[in-house]
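The structure appears below as structure tokens.
The values are calculated or read from the model by the stated rules, or taken from the named source; none is laboratory data. These numbers were taken from a predicted model, which means no experiment stands behind them. Here the Cβ is made from the backbone with ideal geometry for all residues, glycine too, and neighbour counts use every protein chain on show. Only protein heavy atoms, including side chains, enter the accessible area calculation; ligands, DNA and RNA are left aside. Shrake-Rupley method; radii C 1.70, N 1.55, O 1.52, S 1.80 Å.
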Amino acid sequence: MSDVRYPFTAIVGMADLRLGLLLNAVSPAVGGVLVRGEKGTAKSTMVRALAGLLPSIATVDGCRFACDPAAPDPQCPDGPHVSPPASERPAQLVELPVGVAEDRIVGSLDLERALAEGVKAYEPGLLARAHRGVLYIDEVNLLQDHVVDLLLDAAAMGRSYVEREGVSVRHAARFLLVGTMNPEEGELRPQLLDRFGLTVEIAATRDPAERAEVVRRRLAYDADPAGFAERFAEEERALAERIVAARELLPKVELTDVALRQITAVCAAFEVDGLRADIVMARTAVALAAWDGRTEVQEEDVRKAARLALPHRRRRNPFDAPGLDEEQLDRTLEEHAQQEEPEPEGDGSGPDGDGPDGDGPEGGPDGGGPDGGGAPEPSDGGPEGSAPEPPAPEAPSPEGPEEPAQQPVPAQHPSPARESAPVAAGDPYRTQLFTVKGTGHGAQGRRSPAETTGGHTIRARRPQGALGRLHLTATLQAAAPHQAARGRSGRALVVHKDDFREQVRQGRESNLVLFVVDASGSMAARQRMTTVKGAVLSLLMDAYQRRDKIGMITFRGAGAELALPPTSSVEVGAARLESLPTGGRTPLAAGLLRAHEVLRVERLRDPSRRPLLVVVTDGRATGGRDALARSHRAAALFAAQGTASVVLDCESGPVRLGLARTLAGLLGGTAVGLDELRAEGVASLVRESRSDNRSANRATTAMRKAA
């Protein structure tokens, strides 16, 4: 790979992403930018190219925290810096790997040196390296939530705090934060989305000419990186100079009261939570004005700021797609721009009139009638009786006004498979927690018990590879018996590498939740399917909150279909569920066998991620004389492998066969009725049980006293 960066100005299209990155380069206080887009759209290329445009920075010689010699950090661990020697260097681009640990980000005490040499040595992390530069997080949605929280906190406060293993360090950490993600691989939680200042949605162009130019430039760069970069050197220099000029102009830009009221009105109209959106929009609008070389924020700056700062804050629940209603934005801006016009004064003359001579609304063509540019408002009239009456509303026709607008009811012509149109899901709710028994070793999440890097310490062990979190007590216990043999003479403890012990922590892991959904004719009753979809949607939301991967298999008619291969994008699962049709026979065995095959493949891909099978069915099986027996034999395969499973019993009506409960027993899992799935329902059952127990205890006590 060449060391020559691809030029920023050579990238074709993607104007919104270009603008979002440049605004953060002008004003890092905007809060960074989240780039959402499909794979192969040059997200990473553009971010790396931006670093080459940033002006060089002056740093204190020998300072590992990139202190500015003109204003050194008074809390710098390498300080204090008094009249320090300085030098210039390019702004750093620090890339954060997906599997990064918290210690690597914030830094930590070098425990081996602390114990073996008695030296309290702090090793800076990636936040120290990124100070006054760019911190780039590729696939930010795949990072653990606590890591993302830590990064966003540092970006918002401009300072990193390290309090661990007896170390207390604070240092400046101001950087341009850029995160990229592919929504198909899972969304960030809305709370984390809100912490990014701006967001940009990108997609590959569908214009053949633009696509050809992208390919042409990329091939030219691969053939001769230095020569290609030289072609755009002049444009790169001009853009870098414009960034510097905008930074210098930024403090002089005025955010007028009119613009500020428009910003707050837009945020209120779109019902965003909190006030962070208002602040980010204000900073973005100021940066836009500086970028355009102006010293006053205009309405167009507010409009552009809203398009960049609000879409990701519009999500009301985890399955909402980010977006912004442009028409509503324009209406809000226009309404509040009009409200800023001077209030009318006087009694109908001068500025209170409609024309320069102070004519009233009834005064000719300048009035408020149809010829005057709009229907009059009741308050526009002069003395009582002088304003023309508004036109009377049209009387409804005898047939009713709604009759012509009604859509004709389509004739019912069932297809050969008797497929029913998809029905909407019911409202989601909080479900009870289903876990996988035992202790796993999978990716950190929020579902099943597992040994993880977080959580509480349960024991100590010898390090497996590089030393992780030191278990101090166990290390001292391992070293203590050997002090005399090692010739200890002073107060220092003689510790060898073999004495070190690391912590083993237990937390929660994420699992693979595989849904097997019955979409046959027996589930086709519309009210019933609405309830079933609402239950599955609730389980999907639970999987989203617990950071699980999910997959979905549906079975109906002649067989089973993998509707959603295992993925972290729970939103896609919700969309597939909404569009799920029903009808036909019930090939339950085919659905279970397909699930068995999917889990077999996933075990090969990710052996540490334990599965949870969720079968949504009433337990019926059709499609042959032995359909039910075949489904029972398929269920026994999961029991033999010890796969954790839950059967969501969808059977309803006064007469119930209990087939779903039987299936759960054969799977070795748990059966839960639709009315038992709600978490509050379980809590009420517990409360009722406790109440019954108390009543029984009181009755028993009374009987004993009577005896």
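Can you name every residue in the range 181-202 that is part of a helix (DSSP H, G or I) and either in contact with an Asp or Glu (Cβ under 6 Å, 6 or more places away or on another chain) or open to solvent by less than 10 Å² (accessible area, probe 1.4 Å) (or both)? If you could, list the steps in order and put the result at the bottom.
Residues of the range 181-202 that are part of a helix (DSSP H, G or I), as a first pass: 183-185, 190-193.
Those that are part of a helix (DSSP H, G or I) and either in contact with an Asp or Glu (Cβ under 6 Å, 6 or more places away or on another chain) or open to solvent by less than 10 Å² (accessible area, probe 1.4 Å) (or both): Leu192, Leu193.
For the range 270-281, check the following and say yes or no: at least one residue is part of a loop (DSSP other than H, G, I, E, B) and acidic (Asp, Glu). Yes, some residue in the range 270-281 is part of a loop (DSSP other than H, G, I, E, B) and acidic (Asp, Glu). Of all residues in the range 525-561, those being part of a helix (DSSP H, G or I), charged (D, E, K, R) and under 26 Å from Arg446 (Cα atoms) number 2. Taking the residues in the range 495-520 that are polar (S, T, N, Q) and more than 27 Å from the chain's Cα centre (by Cα) as candidates, determine which candidate is surrounded by the fewest Cβ atoms within 10 Å (Cβ to Cβ). The residue in question is Gln503.
Sub-8 Å Cβ pairs linking a first residue in the range 497-523 that is assigned to a strand (DSSP E or B) to a second residue that is of a type in the set (Phe, Trp, Tyr), at least 6 apart or interchain, are Val516/Phe555; Val517/Phe555; Asp518/Phe555, ordered by first then second residue.
Please indicate, with yes or no, whether at least one residue in the range 550-571 is touching a Pro at 6+ places or on another chain (Cβ under 6 Å) and within 30 Å of Val140 (Cβ to Cβ). Yes, the range 550-571 contains at least one residue that is touching a Pro at 6+ places or on another chain (Cβ under 6 Å) and within 30 Å of Val140 (Cβ to Cβ). The C-beta contact set for the range 85-97 (first residue open to solvent by less than 70 Å² (accessible area, probe 1.4 Å), second residue in a loop (DSSP other than H, G, I, E, B) and aliphatic (A, V, I, L, M), distance under 9 angstrom, 6+ apart or interchain) comprises Ala86/Ala70; Arg89/Ala66; Ala91/Leu54; Gln92/Ala66; Leu93/Leu54; Leu96/Leu143.
Here Gly573 fits the description: farther than 24 Å from Ser652 by Cα, open to solvent by less than 10 Å² (accessible area, probe 1.4 Å) and touching a helix residue (DSSP H, G or I) at 6+ places or on another chain (Cβ under 7 Å).
Filtering the range 395-437 to residues that are touching a strand residue (DSSP E or B) at 6+ places or on another chain (Cβ under 8 Å), at pLDDT 70 or above and among the charged types (D, E, K, R) leaves Arg430, Lys437.
One line per residue, one yes/no per condition, for (1) modelled with pLDDT under 85; (2) among the β-branched types (Val, Ile, Thr); (3) open to solvent by less than 50 Å² (accessible area, probe 1.4 Å):
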residue	(1), (2), (3)
Ile11	no, yes, yes
Ala25	no, no, yes
Val35	no, yes, yes
Ser56	no, no, no
Cys67	no, no, yes
Pro72	no, no, yes
Gly79	yes, no, yes
Val100	yes, yes, yes
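Of Gly445, Gly440, Gly454, which residue is at pLDDT 50 or above, out of contact with any Phe, Trp or Tyr (no Cβ under 7 Å at 6 or more places or on another chain), under 30 Å from Pro607 (Cβ atoms) and surrounded by fewer than 16 Cβ atoms within 10 Å (Cβ to Cβ)?
Being at pLDDT 50 or above, out of contact with any Phe, Trp or Tyr (no Cβ under 7 Å at 6 or more places or on another chain), under 30 Å from Pro607 (Cβ atoms) and surrounded by fewer than 16 Cβ atoms within 10 Å (Cβ to Cβ) holds for just one of Gly445, Gly440, Gly454, which is Gly454.
Looking across the range 196-215, the residues that are among the hydrophobic types (A, V, I, L, M, F, W, C) and under 27 Å from His312 (Cβ atoms) come down to Phe196, Leu198, Val200, Ile202, Ala203, Ala204, Val214. When the range 612-632 is examined, which residues are found to be surrounded by 14 or more Cβ atoms within 10 Å (Cβ to Cβ) and of a type in the set (Lys, Arg)? Across the range 612-632, the qualifying residues are Arg620, Arg630. Working only within the range 580-595, note down all residues that are in contact with a helix residue (DSSP H, G or I) (Cβ under 9 Å, 6 or more places away or on another chain) and in a helix (DSSP H, G or I). Once the filter is applied, which keeps residues that are in contact with a helix residue (DSSP H, G or I) (Cβ under 9 Å, 6 or more places away or on another chain) and in a helix (DSSP H, G or I), the range 580-595 yields Leu588, Ala589, Ala590, Gly591, Leu592, Leu593, Ala595.
Looking at the structure I just gave you, is Leu674 of a type outside the set (Val, Ile, Thr), surrounded by fewer than 23 Cβ atoms within 10 Å (Cβ to Cβ) and touching a Cys at 6+ places or on another chain (Cβ under 7 Å)? So Leu674 fits the description; yes. Applying the criterion of being under 23 Å from Met181 (Cβ atoms) and either open to solvent by 60 Å² or more (accessible area, probe 1.4 Å) or over 19 Å from the mean Cα position of the chain (by Cα) (or both) to the residues of the range 308-348, the residue that is modelled with the lowest pLDDT is Arg316.
Filter the range 287-307 down to the residues that are open to solvent by 10 Å² or more (accessible area, probe 1.4 Å) and within 26 Å of the chain's Cα centre (by Cα), then identify the one that is nearest to Gly197 (Cα to Cα). Walk me through how you get there before you give the answer.
Just the residues of the range 287-307 that are open to solvent by 10 Å² or more (accessible area, probe 1.4 Å), to begin with: 291-296, 298-300, 303-304, 307.
Of the ones still in play, those that are also within 26 Å of the chain's Cα centre (by Cα) are 303-304, 307.
Details: Arg303: 15, Lys304: 13, Arg307: 12 Å.
Filtering first and then ranking leaves Arg307.
Taken over the range 481-494, the criterion of being open to solvent by less than 60 Å² (accessible area, probe 1.4 Å) and either over 22 Å from Arg462 (Cα atoms) or among the aliphatic types (A, V, I, L, M) (or both) is satisfied by Gly487, Gly490, Leu493, Val494. Among residues of the range 272-286 that are closer than 12 Å to Asp194 by Cβ, those with a beta-carbon under 7 Å from a residue that is open to solvent by less than 20 Å² (accessible area, probe 1.4 Å) and small (Gly, Ala, Ser) at least six positions away or on a different chain give the pairs Ala277/Ala309; Val280/Gly197; Val280/Ala309.
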